[in-house]
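Written below as structure tokens is the structure these notes are about.
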2 protein chains.
Amino acid sequence: MQSIVNAVERAFIEQANGGLVSPPRFRVETKQGDLVFTAGAATATEKVIGFRVYDTFANEWDGHQQLVCVFDSDTGVFKGVVIGNLLGALRTGAIGGVAIKTMARTDAEQIAVIGAGLQARMQLEAAVTVRKIKLVRVFSRNREHREAFAAQMAKKLDIEIVAVDSPKSCIQGADIVICATNSGKPVFDAAWIEPGVHVNTVGPKSIQAHEVPTEIASRSSVIATDSIEQLKAYAIPHFLVGTPDEERIVQLADIVVGKRAGRQDQDDMTLFCSVGLAGTEVVVANEVMKKASCKGASP
Amino acid sequence: MQSIVNAVERAFIEQANGGLVSPPRFRVETKQGDLVFTAGAATATEKVIGFRVYDTFANEWDGHQQLVCVFDSDTGVFKGVVIGNLLGALRTGAIGGVAIKTMARTDAEQIAVIGAGLQARMQLEAAVTVRKIKLVRVFSRNREHREAFAAQMAKKLDIEIVAVDSPKSCIQGADIVICATNSGKPVFDAAWIEPGVHVNTVGPKSIQAHEVPTEIASRSSVIATDSIEQLKAYAIPHFLVGTPDEERIVQLADIVVGKRAGRQDQDDMTLFCSVGLAGTEVVVANEVMKKASCKGASP
């Protein structure tokens, strides 16, 4: 995860410098469902071009897959294809890691994780690569889920993780709050967030259904996203679109390279709204392929 | 090849009935080169949706590949990806086979093949699945190439193949002429083509560089292509665009289903201009995957 967070950070630097090509997503449409493509190229340091493709067919069949195909952006030579839905989660996790690295207090030691699914796991995994974390509290409405999360992630990350039975007790004392649920209603009260805290929201984010309270934005000194363009382009608007805070949203990439100010004070509250910058999938897939062992690879 | 020609023919039937979705190609552009996508869906009989992607980087590096990704158009479930440049050639070969099946004399026995490369081979391989061919003559400027073609294809197809030393002697007596060269200048004289002959042209086809003489069109009773839309959309126009014959070009698919007239008489000359209908790659890939043995497949 460390090297993936680093690769995504380099991609953000490319984005800030105008080197990341991410054309609008395109679709092949049929009556039953579409194929959606998000393409991208990072030609400066990562030297990759490629795309992600996934289907929008709404059914419970097994076998739905995302594909991420990677080519060398210097030569056009095909590098490989990563098949499976894990990569998208890994990518979103790594983006969250860059947000925490860039925006959270440097002395952050405690993390609250709300949600206990795959994305909550990825976010935490990325977070611990960028801050020296001593304690994690996790809340999920389902007791089994949060206890499994605590046990499994504590073992995986070699860190103390406590499952708690309310969002409030989860957030209390945290320097970083990771919100990765599928809740359409805010899962905490903005007043519970203390000065100095950084919040990542990766779950529902539309004006009709969003997991964090809208007031969290007005309380935050810095509001960032990985793609303002994408944030403003949703058919059902993002929950901050049309609010007075909309104009304060900055690109995470611009903070990474110092074009825009990030956290100014240890007591600043900061908010990162993850939307999933197109192009980063390709960078992550490339990184995964670099790390992939030859063991078990087909000829 | 037989089953692939049949699958492509079914795709043409879908095209004629409006069931083949093939949106315009789209591109991801960088300074060094682009990724080009041709997507397609055949939802009626083939039940596939997918796309082909290839790069336009102009260099001699090894490892340039085309990918064709196939999904089930009923469920959206991923079916597989075919990697390699062979599939495109197979597809163009199969389209040529459908053209010959649809347009050539039913009693055709002799084929002239001009060109000795991969595409010439594929065209011939498809042709012999749709007509009872007794004799093939092949011409290529390179003696070694044409002799290798004759020896290898005779063995592969169990048919008599003679390598000849001029285009004229190649064409003489042929009922079907397959032109699959990379020549930018016409490789034969239109006057050499006898009544009743069908010509497939699959090589260069722009107004600036084309392998068959323009006059071949005015001599033909029927001129067909796999995609009129694509034929008319080239940046450098197709060699028949702007000629009096342009308006006579019909869709091969419409002849296949009987919407438009094909050959009316044994003495009709007919011409097929292959452009490569988007969407057919996906059908061919699906067919290849059906046939693929499990032997050696990765888990």
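Tell me which residues, restricted to the stretch A:188-242, are at positive phi and either assigned by TED's automatic domain parsing to the domain that holds A:F26 or open to solvent by less than 10 Å² (accessible area, probe 1.4 Å) (or both).
A:G196
Working only within the stretch A:160-180, note down all residues that are open to solvent by 30 Å² or more (accessible area, probe 1.4 Å), assigned to a loop (DSSP other than H, G, I, E, B) and over 19 Å from A:V222 (Cβ atoms).
Scanning the stretch A:160-180 gives A:D165, A:S166, A:Q172, A:G173.
So A:V282 clears everything in (1) open to solvent by 40 Å² or more (accessible area, probe 1.4 Å); (2) of a type in the set (A, V, I, L, M, F, W, C); (3) modelled with pLDDT under 95 except one condition, right? Which one?
(1)
May I ask you to list the residues in the stretch A:32-56 that are open to solvent by 10 Å² or more (accessible area, probe 1.4 Å) and in a strand (DSSP E or B)?
Across the stretch A:32-56, the qualifying residues are A:D34, A:R52, A:Y54, A:D55.
When you check B:L20 against the structure, is it surrounded by fewer than 24 Cβ atoms within 10 Å (Cβ to Cβ) and either closer than 18 Å to B:T225 by Cα or modelled with pLDDT under 95 (or both), yes or no?
Against the criterion (surrounded by fewer than 24 Cβ atoms within 10 Å (Cβ to Cβ) and either closer than 18 Å to B:T225 by Cα or modelled with pLDDT under 95 (or both)), B:L20 does not qualify.
Report yes if some residue within the stretch A:3-20 is under 19 Å from the mean Cα position of the chain (by Cα), outside any helix (DSSP H, G or I) and in contact (Cβ under 8 Å) with a residue 24 or more places away in the chain; otherwise report no.
yes
Among the listed residues A:I111, A:I159, identify the single one that is β-branched (V, I, T) and under 25 Å from A:D265 (Cα atoms).
A:I111
I'm trying to understand the selection: among the residues of the stretch B:57-68, which are more than 7 Å from chain A (Cβ to nearest Cβ), in contact with a strand residue (DSSP E or B) (Cβ under 7 Å, 6 or more places away or on another chain) and in a loop (DSSP other than H, G, I, E, B)?
The answer is B:Q66, and nothing else.
What are the pairs, 6+ residues apart or on separate chains, where a residue within the stretch A:250-264 that is touching a residue at least 24 places away in the same chain (Cβ under 8 Å) has its Cβ under 6 Å from a residue that is part of a loop (DSSP other than H, G, I, E, B) and buried (at least 18 other Cβ atoms within 10 Å of the Cβ)?
Listed pairs, sorted by first residue: A:L252/A:D226; A:I255/A:G262.
The values are calculated or read from the model by the stated rules, or taken from the named source; none is laboratory data. What you see is a predicted model, and the numbers here were worked out from it, not measured in a lab. We place every Cβ from the backbone using ideal geometry, glycine too, and count neighbours over all the protein chains shown. Side chains included, ligands, DNA and RNA excluded: accessible areas come from the protein's heavy atoms. Shrake-Rupley method; radii C 1.70, N 1.55, O 1.52, S 1.80 Å.
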